[in-house]
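Asks: Following this message is one structure expressed as structure tokens.
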Amino acid sequence: MRDSYYVWLGMPGSRRMGNLAAAFANRFGSDPTTATTLLAESGNEESGARIARRLTQKTGKAMFVSYNVAAGGDAIMLEAVMRKAVEYVAGLVASADAAAAATTAAAADADADAT
């Protein structure tokens, strides 16, 4: 999907995808972001959806998030992981958007020079 991102959050050495959530910007409802859990594993059902929702709210992009961090029910750990993930991924998205805008502007300048 264009303008969408897949984010995997997991423990080092882990290669599993136990949870998967998706969030999309909603232009028609009262809630600006819609998030849902697509694949759930006991104990972490809502964590991926919460992170996906925050990322979509911050970036305006569709997000697919696989959250596989065993926080053991530790709300402080979950909040720390969420905050760091949102900060990091939002920075990457902003960089990608800036690079795309620069490329588009350079192409427009080249077209203008050619005519």
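The values are calculated or read from the model by the stated rules, or taken from the named source; none is laboratory data. None of the values given here were measured: they were computed from a predicted structure. Cβ: placed from backbone, ideal geometry, glycine included. Neighbour counts: every protein chain shown.
Asks: Please determine, by comparing only the residues of segment 50-85 that are hydrophobic (A, V, I, L, M, F, W, C), modelled with pLDDT of 90 or more and more than 22 Å from Gly13 (Cα to Cα), which one is surrounded by the fewest Cβ atoms within 10 Å (Cβ to Cβ).
Replies: Ala62
Asks: Among residues belonging to segment 19-38 that are surrounded by fewer than 18 Cβ atoms within 10 Å (Cβ to Cβ) and small (Gly, Ala, Ser), point out the one that is nearest to Val89 (Cα to Cα).
Replies: Ala25
Asks: Give just the number: which of (1) modelled with pLDDT under 90; (2) out of contact with any Lys or Arg (no Cβ under 6 Å at 6 or more places or on another chain) does Asp3 not satisfy?
Replies: Just one mismatch for Asp3, condition (2).
Asks: Any residue that is assigned to a loop (DSSP other than H, G, I, E, B), in contact (Cβ under 8 Å) with a residue 24 or more places away in the chain and more than 13 Å from Leu20 (Cβ to Cβ) - is there at least one of those in segment 75-90? Walk me through it before giving the result.
Replies: Going through segment 75-90, the residues assigned to a loop (DSSP other than H, G, I, E, B) turn out to be none.
Within segment 75-90 (the criterion being assigned to a loop (DSSP other than H, G, I, E, B), in contact (Cβ under 8 Å) with a residue 24 or more places away in the chain and more than 13 Å from Leu20 (Cβ to Cβ)), the answer is no, since none of the residues qualifies.
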